[in-house]
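Rule-based calculations on the coordinates, nothing more; no lab input. It should be emphasised that the depicted structure is a prediction, and the values quoted were computed from it without experimental measurement. So basically every Cβ, Gly included, is an ideal-geometry build from the backbone, and we count neighbours across all protein chains shown.
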Amino acid sequence: MGAFTCPMHGDVRLSDAGPCPKCGMTLVHEEARFRLVRHLASNPLMLSVMFALMFAAMAGAMMLMR
Ligand SMILES: [Zn+2]
C-alpha cells in the first residue's frame, strides 16, 4: 500500500501514478521520495551543495531588493 506524491507539492497524494494535477510533473512513489531525501541527507557533499545553493539564492534575492 502506498501513494504517489508530487516532488513539488507534498499535499498532492494519489493512489495511481501520473501527472500532478497542479503542475503536471510526474508523480513519484511516496517511499521512493523519502528514500531520495534520506539519501540526500546522508550525503555530506550533497548537503553542502544544497546549502551553497540556498546561500546563493538568498544573496541573489538580497541584491535584487536593493
Ligand atoms: Zn505538483
Exercise. In degrees between 0 and 90, to the nearest 10, how far off the longest principal axis of the chain does helix 30-41 point, with axes built from Cα atoms?
Worked result: 30
Problem set entry | Theoretical gain in end-to-end length, residue 34 to residue 56 [0.36 nm per residue, Cα-Cα removed] | 5.3 nm
Exercise. What percentages, rounded to whole numbers, describe P(r) for the stretch 4-65 computed over all alpha carbon pairs with 5 Å bin width beginning at zero?
Worked result: 4, 18, 17, 14, 16, 17, 11, 3, 1
Exercise. So what is the relative contact order for the chain, in percent, with contacts set as C-alpha pairs under 8 Å and at least six apart?
Worked result: 22
For this session: Quick one: dipole size for the stretch 4-65, taken about the Cα centre, charges +1 on Lys/Arg Cβ and -1 on Asp/Glu Cβ, in debye to the nearest 20.
Result: 80
Exercise. So who's got an amide H within less than 5 Å of the one on residue 25, skipping anything under 5 residues away but keeping other chains? H placed 1.01 Å off N, in plane.
Worked result: 20
Seminar exercise, completed: Under the Karplus relation with 6.51, -1.76 and 1.60 and θ = phi - 60°, whole-Hz ³J(HN,Hα) for the stretch 54-62, x at Gly and Pro, equal 5, 5, 5, 5, 5, 5, x, 5, 5
